[in-house]
Amino acid sequence: MLLGKSLEELRTYRPALPVAPDFDAFWASTLDRYVNESEPVLTRWDGPLETVDVFDITIAGYNNDPIKGWFITPKELNKRVPCVVIFEGYGGGRGLPHEWLFWPSCGYAVLVMDTRGQGSGHRRGDTPDGSYPVGNHSPGFMTHGVESPETYFYRRVYTDAVCFVRAAQKLSNVDPARIIVGGGSQGGGIAIAAAGLCPEVYAAMPDVPFLSHIARAIEMTDGYPYQEIVTYLRGRRDAVEQTLGTIAFFDGMNFAARAHAHALFSVGMHDPICPPDTVFAAFNHWQGEKSIEVWPYSTHEGGGVDQQLKQAQWLRSLLLKGE
């Protein structure tokens, strides 16, 4: 069923930004303290793929934690090409190399970030979160360390994303001025954060993005993962203000309001996981040139493989214009 506001209302829906005092100072301090821009470590992957070169990559993430990933290029690439940095959906990890052949098939490099602590769901992962203090929380990641912005799980994840963007600029045969971030659901939310934190990002492709207009999401949907926050607050009735205060530092609207890259969003109008209100809230705050693909009858799959083709066409057109 359709959720929330009509499409006509959503076109101009621009709610107030979540209040996060010293948002910019918090993130400047986080990146200054926890980002070590050391050289990525690459090991050639020995597998059966003959049309691409595949590297197992390790990048120093938040607090120097080693974060795994894949770096894949067209075979024997001998020129600089744009690089698409991909972030994964909730619960998923970097998976296996043959899952990421679309962008190399389009002639680009792709750098896939393994989401720390995840990868036991739809796609396997290889990066632990590390030994960080964690208070009481609902099962999952949405209230993991939610006692404060300093301890919240997504502080580490968003910082890892910044590290991957900056590492991409150092990789062989990558055009450092053409770094594109993308991903679906949680990956879309991470892409929004990366674009807001990294002015060097050229373009962003948040697909049915999660982690935006979170206070509205937990009012609208009983679906997970947002329901993790509801479950937590059902048992911690005294923690509503503090919890929402922490989450405001990680809300996609705040990052979108600071993002100036070109952007192509997507939304499924029947999406019960990332309701359209939450997607348009981030889209309408985005500061750069932007467009959005609306899939009228889709749920959380959005445009699926059709959206991939839309992204490839949009990116090719953007690059040909040379903006």
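With respect to the stated conditions, SER148 is at pLDDT 95 or above and not β-branched (Val, Ile, Thr).
Could you check the stretch 1-100 for strands (runs of 3 or more DSSP E) lying wholly inside it with 3 or more residues that are more than 28 Å from PHE250 (Cα to Cα)? Lay out the reasoning, then the answer.
On the way: elements: 41-44, 52-60, 66-74, 81-87.
Counting at least 3 such residues, we get 41-44, 52-60, 66-74.
Residue count for the stretch 1-18 satisfying the condition of being in contact with a His (Cβ under 9 Å, 6 or more places away or on another chain), surrounded by 12 or more Cβ atoms within 10 Å (Cβ to Cβ) and of a type in the set (A, V, I, L, M, F, W, C): 3.
Take the conditions closer than 25 Å to ALA20 by Cα, of a type in the set (A, V, I, L, M) and not in a loop (DSSP other than H, G, I, E, B) and apply them to VAL110. Does it pass? If you could, list the steps in order and put the result at the bottom.
Numbers: closer than 25 Å to ALA20 by Cα: no; of a type in the set (A, V, I, L, M): yes; not in a loop (DSSP other than H, G, I, E, B): yes.
In short, no.
Close Cβ contacts (under 8 Å, 6 or more residues apart or on different chains) running from residues in the stretch 1-20 that are under 17 Å from GLU219 (Cα atoms) to residues that are in a loop (DSSP other than H, G, I, E, B) and of a type in the set (Phe, Trp, Tyr) comprise LYS5/TYR13.
Whether any residue in the stretch 19-27 is more than 30 Å from GLU241 (Cα to Cα) and crowded, with 20+ Cβ neighbours inside 10 Å is what I want to check. Explain how you work it out, then say what you get.
Quick first cut of the stretch 19-27, residues more than 30 Å from GLU241 (Cα to Cα) only: none.
No, the conditions are met nowhere in the stretch 19-27.
For the stretch 189-214, filtering for residues that are surrounded by fewer than 17 Cβ atoms within 10 Å (Cβ to Cβ) and closer than 28 Å to SER298 by Cα leaves 0.
Each residue in the stretch 41-77 was checked for being crowded, with 17+ Cβ neighbours inside 10 Å and among the polar types (S, T, N, Q), and 2 of them qualify.
Look at the stretch 46-60: where a residue is closer than 14 Å to SER172 by Cα and a partner is small (Gly, Ala, Ser) and modelled with pLDDT of 95 or more, sitting 6+ places away or on another chain with Cβ atoms under 6 Å, you get ILE57/GLY69.
If you go through the stretch 277-298 one residue at a time, how many are touching a helix residue (DSSP H, G or I) at 6+ places or on another chain (Cβ under 6 Å) and outside any loop (DSSP other than H, G, I, E, B)? Number satisfying all stated conditions: 8. The single residue among ALA215, ALA203 that is among the small types (Gly, Ala, Ser), more than 14 Å from VAL112 (Cα to Cα) and in contact with a His (Cβ under 6 Å, 6 or more places away or on another chain) turns out to be ALA203. The residues of the stretch 264-308 that are among the hydroxyl-bearing types (Ser, Thr, Tyr) and either on the phi > 0 side of the Ramachandran plot or surrounded by 22 or more Cβ atoms within 10 Å (Cβ to Cβ) (or both), listed by number, are SER266, THR278. Across the stretch 78-111, which residue is farthest from LYS170 (Cα to Cα) among those that are of a type in the set (A, V, I, L, M) and crowded, with 24+ Cβ neighbours inside 10 Å? Per the stated criteria, the residue is ILE86. So in the stretch 251-260, with the set limited to residues that are surrounded by 24 or more Cβ atoms within 10 Å (Cβ to Cβ) and in a loop (DSSP other than H, G, I, E, B), which one is nearest to the chain's Cα centre (by Cα)? Checked the stretch 251-260; the qualifying residue nearest to the chain's Cα centre (by Cα) is ASP251.
Just to be sure before I move on: is ARG124 crowded, with 23+ Cβ neighbours inside 10 Å, more than 14 Å from ASN173 (Cβ to Cβ) and not polar (S, T, N, Q) in the structure I sent? Spelling it out, it is not the case that ARG124 is crowded, with 23+ Cβ neighbours inside 10 Å, more than 14 Å from ASN173 (Cβ to Cβ) and not polar (S, T, N, Q). So which residues in the stretch 215-235 are at pLDDT 95 or above, surrounded by fewer than 18 Cβ atoms within 10 Å (Cβ to Cβ) and acidic (Asp, Glu), if there are any at all? Within the stretch 215-235, none qualify.
The values are calculated or read from the model by the stated rules, or taken from the named source; none is laboratory data. Keep in mind the model is a prediction, meaning the values are calculated, not measured. We place every Cβ from the backbone using ideal geometry, glycine too, and count neighbours over all the protein chains shown.
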